[in-house]
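Written out below as structure tokens is the structure these notes cover.
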Amino acid sequence: MTAPTVRFAPSPTGHLHVGNVRTALINWLFAKSKGGLFILRIDDTDTERSTAAYEQAIRDDLTWLGLTWDKTFRQSERFQTYEAAAEALKQAGLLYPCYETAEELDRQRKLQRARGKPPVYNRAALELSADDRRRYESAGRQPHWRFKLSGDRVTWTDLVRGEQAIETASLSDPVLIRADGSYLYTLPSCVDDIAAGISHVVRGEDHVTNSGAQIEIFRALGGQAPTMAHTPLLVGADGAGLSKRLGSLGMGTLRDRGLEPLAITSHLAKLGTSDNVEIRDSLDQLAEEFDFAKIGRAPARFDETDLVNLNAALVHTLAFDAVRDRLMAIDPEAAHPAFWDLVRQNCDTVGDAARFVPVAFGDITPVIEAEDEDFIAHAAAHFPDGPVTGETWTDWTTLLKAETGRKGRGLFMPLRRALTGMDQGPDVGQMLQFMGRERALQRLRSSPT
Ligand code: GLU
């Protein structure tokens, strides 16, 4: 196989969410796994809804995820090329003007349904004479343009879904150009895929029906249809579609929640595949393991809890250098390798380290239960002299154990609560070394809560 060229083609009408990032990622991994090219195409033919801000956000989010592109272009810069393609189709009699209004088409469909027929466009416009057209146009109606499907069965071998067949006779001839002259996505996409030499179109299975028409358009334009791969859509853990929750599953939101790019890409790359959903070291490793044959036909279940757990697993392994800047932003004192080593096992996100900064370097509210008051007072009175070292905690608790008869939870929990204000967290003995003697004693001597 020669190296593939693929494209990710988002419309800049909103932010990227887990669903379209998965499509981008699969394209990217496939390209990298075969030494191919990944193109970012901005599908901004809908000039009303597309914005420069969304486009920039898409580029920023992809960059943040590491999904960098080899080439990029905007459809809005290529209208002339689409005009030329539309003209060629008109000449070939494959793109024909229609004058029905939306209401008329709606009425037609209702009638068809009432008669038990599929609501397929009746091609009445193909019967119009030149005079009929003039009459419509002088009455102020502008035509929309439909592509004339062959009525044949279109087949292809889908890299995910296997052998596919679409009966184009069961489809309405698709509208390629609206009455206001604007292009729907269908034609520009084919024109660009031919021009960019796209070898594989990889996208969600909501486009399967489009593929039937688009394969005919590719051929009508004198090109060859790319190989197709349609991936199952993502659904929530409950099996329901994600569409209503996509706002909260945008990259900006996930980033603000402290999720690491590699946790997101590892998760989305493995979801719905025969591989285990596990963290990987790099996108390159994910690419090495990529294979369309591993992608299942069932909808892929996206569970945020799994993503958060995967993120935690990744954070636990992050080296200090990878988090230094972020710790610095939390508190310069926290940007210390030993501090990160101490707290990282207790962090689901790097930002969670902030919870332990006051414990180590600032002020907290100690928790001392009334029943532990005497024990904590005793512990304060017997706190080892001199600066806190690696031995302080063991020396101190060994002594307290011998003197009070306390052990296990009864010994350690009151000390942990008094010194850190928490029931759980990093090793108290090591935390004590950051806290220092004065801070520890002050906490042990505070009043019961
Ligand atoms: N802009 C289209 C979409 O976002 C692209 C579909 C395709 O990949 O062909 O659905």
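Just so it is clear, none of the values below were taken in a lab; they were calculated from the coordinates. What you see is a predicted model, and the numbers here were worked out from it, not measured in a lab. Glycine also receives a Cβ, built like all others from the backbone with ideal geometry; neighbour counts cover every protein chain displayed.
Helix-derived [θ] at 222 nm for the chain: sum -39500 (n - 2.57) over DSSP H runs of at least 4, divide by residue count, nearest 500?
Numbers: 19 runs with 198 residues, N = 449.
The per-residue figure over the chain is -13000 deg cm²/dmol.
When the chain is treated as a GNM with alpha-carbon contacts under 10 Å, the residue of Ala165, Ala402, Ala293 showing the greatest mean-square fluctuation is Ala402. Other residues whose C-beta falls under 11 angstrom from the C-beta of His378 contribute a net charge of -3, scoring Lys and Arg +1 and Asp and Glu -1. In segment 340-368, whose amide N lies under 13 Å from the spot 7 Å out along Cα-to-Cβ of Gln424? List them in ranges. Only 345-348 fall inside the zone, counting backbone N under 13 Å.
Within 13 Å, Cβ to Cβ, of Ala165, how many net charges do the neighbouring residues add up to if Lys/Arg are +1 and Asp/Glu are -1?
Numbers: positive: Arg153, Arg161; negative: Asp152, Asp158, Glu163, Glu167.
Net charge in that neighbourhood comes out at -2.
Reported to the nearest whole Å, the Cα centre-to-centre distance from segment 308-334 to segment 91-109 is 58. List the aspartates and glutamates whose alpha-carbon lies under 20 Å from that of Lys34, not counting same-chain residues fewer than 8 positions away? The reachable aspartates and glutamates, counting only those whose Cα sits under 20 Å from Lys34, are Asp70, Asp158, Asp193, Asp275, Asp281, Asp284, Glu288, Glu289, Asp291. Residues Ser50, Ser138 in ascending order of nearby Cβ atoms (within 10 Å, fewest first): Ser138, Ser50. Each of His267, His316, His207, His230 was scored by other Cβ atoms within 10 Å of its Cβ. Arranged with the fewest first, they read His316, His207, His230, His267. Between Gln91 and Gln285, the contour length at 0.36 nm per residue exceeds the Cα-Cα span by 64.9 nm.
At 0.36 nm per residue, minus the direct Cα-Cα distance, what do Ser243 and Arg134 gain on full extension? Give it in nm, one decimal, please. Please list the in-between numbers first.
Details: separation 109, 0.36 × 109 = 39.24 nm, distance 4.36 nm.
In short, 34.9 nm is gained.
Holding the Cα-Cα limit at 31 Å, pick out from Lys32/Lys90; Lys71/Lys270; Lys148/Lys270; Lys32/Lys148; Lys148/Lys294; Lys117/Lys270 the pairs that are longer than that. Checking Cα-Cα distances, Lys32/Lys90; Lys148/Lys270; Lys32/Lys148; Lys148/Lys294; Lys117/Lys270 exceed 31 Å. Taking amide H as placed 1.01 Å from N in the peptide plane, Gly204 has its amide H under 5 Å from the amide H of Thr231, each at least 5 places away in sequence or on another chain. Comparing Cα centroids, segment 8-22 and segment 155-181 end up 22 angstrom apart.
With R₀ fixed at 60 Å, the C-beta to C-beta distance from Ser150 to Arg437 puts the FRET efficiency at about 0.10.
Distance from the alpha carbon centroid of segment 367-419 to that of segment 234-287 works out to 44 angstrom. With a Förster radius of 35 Å applied to the beta-carbon distance between Arg113 and Asn276, the computed FRET efficiency rounds to 0.15.
Ordered by the number of other Cβ atoms lying within 10 Å of each residue's own Cβ, fewest first, Ile194, Ile264 fall into the sequence Ile194, Ile264.
Compactness of segment 1-119 was expressed as the Cα radius of gyration divided by 2.2 N^0.38 Å, which yields 1.44.
What net charge do the residues around Glu304 carry, taking every other residue with its C-beta under 13 Å from that of Glu304, with Lys and Arg at +1 and Asp and Glu at -1? Intermediate results must be reported in sequence, preceding the final value.
Numbers: positive: Arg245, Arg257, Arg301; negative: Asp238, Asp303, Asp306, Asp348.
Here the count lands on -1.
The modelled label-to-label distance for the pair Thr157/Asp352, using points 7 Å beyond Cα in the direction of Cβ, is 4.7 nm.
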